[in-house]
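Undergrad: This is the structure, below, for whatever I ask next.
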Amino acid sequence: MALLDFFNKKNADETPEITPVLPGDIYAQGELDLADTIAPAALKVGSKDLEIGEKFSRSFYTISYPRFLADSWFMPIINLDKVFDVGIFIHPIDTGLALRGFQRKVAEVQSQISDREEKGLVRDPMLDTAYQDLENLRDQLQQAQEHLFDVGLYLTIYGSSAEELDKIEGDVRGILDSKLIYTKPALFQQEQGFRSTLPLANDELEVNSKLNSAPLSSIFPFVSFDLTSDRGILYGINRHNSSLILFDRFSLENYNSVTFAKSGSGKSYAVKLEILRSLMFDVDVIVIDPEKEYEYLAQATGGRLFNISLSSENHINPFDLPPVKEDEEPADILRSNIINLVGLFRIMLGGLSPEEDAIIDRAISETYALKDITGEADFTGIEAPLLSDFESVLAGMEGSESLVQRLSKYTHGTWAGFLNQPTNVDINKQFIVFSVRDMEDELKPIAMYIVTHFIWNAIRHELKKRLLIIDEAWWMMKAEDTASFLYSLAKRGRKYYLGVSTITQDVEDFLRSPYGKPILTNSSIQLLLKQSPTTIGVLQETFNLTDEEKYLLLESGVGEGLFFAGLKHVAIKVVASYTEDQIITSDPSQLLAIKQEKTRHDGLEQE
């Protein structure tokens, strides 16, 4: 009973009936169900739109279709960069009932044609066409080649104001009108129209058109700029239509990728996210890291970090040879390694004349022979020579004085600790990082060449699904020999189940190399993130970008750009969960906060 009624009762002696309220009833009254949680604060129903909280919606339906519907005619609507819902209701019609209706309709059209002929009127092409269409469709229905359906196609658009709704409706109806598909707003039926486009499968408008199978198939709604496959990892969100970009690089013709982006645009973030998700699918990942950006990721995932520098305890002997497998000849392996070593010395010694090249080649062969390593017998397990052994052999050869002098800094000088040591690096882990950040800039191309060659020997020895990440690959593109070796990895990697991922911010240096475009051609995946105006022209020409795509790359935010896979490409936004972000972030402020939190946590544990 209301409180006012209680005090206004004429008979003051009359005691109102009071129903006791149990604690369980009080809890039930205050409990929210799911509908209360997701429902808007208020809903105002108008004749031509709905006001849902702070948003407006408007529903309309199709009333007429042209005689022919082209394939994918609905694609411009699906890919429209607007927020809207689509409801498609398909009600099958019994073929027997449809044929009886067709018989009456054919008789009507025949009667009209005959009547015009009797009156001597000019032939009506519309009637003739309608008669032919009806007869053809009736034949197809009788032969079960076609079926007939009642089809309702409804759209609900959303906006922040009624004016914005008018503009969006104009855009949508303009596209449809150009295809001779006409629509009408659901006047005084906005509530029913809104509910018809919700995922409830309730056709409350019931405004249907009869369509047979062929034109109905052209309304297929999932024709969009999509790069979603049934397996793979999540690369990001499709900015065209907010769908997921799920892809498996190992399903393409080759497994390689390139990533171009300016500094600070999120290229390392995107690659680290791919690494993290690839590890979950048992892919072995090896990274050559010039800036030590992958150290925390290696620690978090139980990987291993090797610091390659002049003072590091980690060493790789460039004279190491891989074990000989059953299907390989020792002579082929030795010859390949000698060729790679000649390329290494060409980088180390600042170039070689043809005479010096021949001397180096002969000296390498003789150095291996001193350790009983020849192409005539299996050399698996034999200790490899060192750079100092090579120097001793080289010093005894005629015309090698200049070569020995230039080589001495790697054996006795300031750079001796880097190369003249046996290998003590074990990469028997799922995630391996080689950091060359602390290596002098002059030696970085040499270090990356040696590390890459060492990795290649390991890859050839054991077949596994692997991903090799080469960050700041422009370091390797600076010298022709390192660029050539990187190209051979990209070209031959598929045979060994290897995907090579090259990342660079210096696009012009990369593409200026004679091996830049061939590496790009041999990469089925390309990721272009935010670019600077100085490099966008080169990229537009290389990737045949439209002006819209060019400006998209110039105006993209961090982690946004274009994702190419095979013959398709879409606009992408790289997204990560909170946990992933904490592991892969390169933002200095976030890294500092994580470090401080770890220090505080360690301090509390000690207390």
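Undergrad: Rank these for me by crowding, 486, 520, going from fewest to most other beta carbons within 10 Å. Intermediate results must be reported in sequence, preceding the final value.
TA: Values: 486 24, 520 18.
Exposure proxy ranking, most exposed first: 520, 486.
Undergrad: Ranking 158, 235 by Cβ neighbours within 10 Å, fewest first, what do you get?
TA: Working: 158 17, 235 25.
Final ranking by Cβ density, sparse to dense: 158, 235.
Undergrad: If you plug each phi of the range 191-203 into the Karplus form 6.51 cos²θ - 1.76 cosθ + 1.60 with θ = phi - 60°, what whole-Hz ³J(HN,Hα) values come out, in order, with x for Gly and Pro?
TA: Along the range 191-203, the couplings run 5, 5, x, 4, 5, 5, 9, 6, x, 10, 6, 10, 8 Hz.
Undergrad: Let me ask another. Of all beta bridges DSSP finds with both residues in the chain, what is the antiparallel percent, to the nearest 5?
TA: Bridges in the chain are about 65 percent antiparallel.
Undergrad: Here is a follow-up. Once the piece of chain linking residue 541 and residue 187 is laid out straight, how much longer is it, given 0.36 nm per residue of separation minus the C-alpha distance between them?
TA: Working: separation 354, 0.36 × 354 = 127.44 nm, distance 5.05 nm.
Here the answer is 122.4 nm.
Undergrad: Which distance in nm do the two modelled labels at residue 599 and residue 63 give, with both placed 7 Å along the Cα-to-Cβ direction?
TA: Result for the modelled spin labels: 7.2 nm.
Undergrad: Based on the Cβ-Cβ distance of residue 567 and residue 243, what FRET efficiency does E = 1/(1 + (r/R0)^6) give at R0 = 30 Å, to the nearest 0.05?
TA: Details: r = 18 Å, r/R0 = 0.60.
Taking R0 as 30 Å, the efficiency between residue 567 and residue 243 is 0.95.
Undergrad: Could you give the length gained by full extension between residue 314 and residue 534, i.e. 0.36 nm per residue of separation minus their alpha carbon distance, to one decimal place?
TA: Details: separation 220, 0.36 × 220 = 79.20 nm, distance 3.94 nm.
The residue 314-residue 534 span can extend by a further 75.3 nm.
Undergrad: Dividing the convex hull volume of the alpha carbon atoms of the range 213-352 by its residue count, what do you get in Å³ per residue?
TA: Numbers: hull volume 35.7 nm³, N = 140.
Measuring per residue, one finds 255 Å³ for the Cα hull of the range 213-352.
Undergrad: When a/c reaches 1.5 or more, the comparison of a/b and b/c decides; with that in mind, is the range 317-422 rounded, prolate or oblate per its Cα gyration tensor?
TA: Here the range 317-422 falls in the prolate category.
Undergrad: Evaluate E = 1/(1 + (r/R0)^6) for residue 461 and residue 517, where r is the Cβ-Cβ distance and R0 equals 35 Å; express this FRET efficiency to the nearest 0.05.
TA: On the way: r = 31 Å, r/R0 = 0.88.
Here the calculated transfer efficiency is 0.70.
Undergrad: Follow-up. List the trypsin sites (Lys or Arg not before Pro) in the range 72-131 that DSSP assigns to loop (not H, G, I, E or B) and whose Cβ has at most 15 other Cβ atoms within 10 Å. Which are they? Present the calculation step by step, with values, prior to reporting the outcome.
TA: On the way: sites: 82, 100, 104, 105, 116, 119, 123; in loops: 82, 119, 123.
Passing sites in the range 72-131 are 82, 119, 123.
Undergrad: Between residue 95 and residue 509, what is 0.36 nm times their sequence separation minus the Cα-Cα distance? Round to one decimal in nm. It would help to have the intermediate numbers written out before the result.
TA: On the way: separation 414, 0.36 × 414 = 149.04 nm, distance 6.69 nm.
That works out to 142.3 nm of additional length.
Undergrad: Can you sort 400, 209 so the residue with the fewest Cβ neighbours within 10 Å comes first? Don't jump to the answer; show the numbers that get you there.
TA: Working: 400 19, 209 15.
Going from sparsest to densest Cβ surroundings: 209, 400.
Undergrad: Once you put a point 7 Å from the Cα of residue 119 and another 7 Å from the Cα of residue 231, both along the Cβ direction, what distance in nm separates them?
TA: Reported label-point gap for residue 119 and residue 231 is 6.8 nm.
Undergrad: Give the distance, in whole Å, between the Cα centre of the range 351-401 and the Cα centre of the range 464-501.
TA: 26 Å
Undergrad: Assign one of three labels to the range 425-515, namely rounded, prolate or oblate, based on the Cα gyration tensor with a ≥ b ≥ c the square roots of its eigenvalues; rounded applies when a/c is under 1.5, prolate when it is not and a/b is larger than b/c, and oblate otherwise. Can you show the working numbers first?
TA: Numbers: a/c = 1.93, a/b = 1.33, b/c = 1.44.
It is oblate, given that a/c is not under 1.5 and a/b is not larger than b/c.
Undergrad: For the chain, what is the mean residue ellipticity at 222 nm derived from helices alone (per DSSP H run of n ≥ 4: -39500 (n - 2.57); sum divided by total residues; nearest 500 deg cm²/dmol)?
TA: Working: 25 runs with 265 residues, N = 607.
So the calculated ellipticity at 222 nm is -13000 deg cm²/dmol.
Undergrad: I've got another one for you. Tell me the label-point distance for the pair residue 492, residue 162, using the 7 Å Cα-to-Cβ offset, in nm and rounded to one decimal.
TA: Taking the simple label geometry, residue 492 and residue 162 are separated by 7.3 nm.
Undergrad: Out of residues 5 or more away from residue 558 or on other chains, whose amide H comes under 5 Å of its own, with H placed 1.01 Å from N in the peptide plane?
TA: none
Every number in this text was worked out from the coordinates using simple rules, so none of it is lab data. The model shown is predicted, which means the values in this text are computed figures rather than measured ones. Ideal geometry is used to build each Cβ from the backbone, glycine not excepted, and the neighbour counts take in all protein chains shown.
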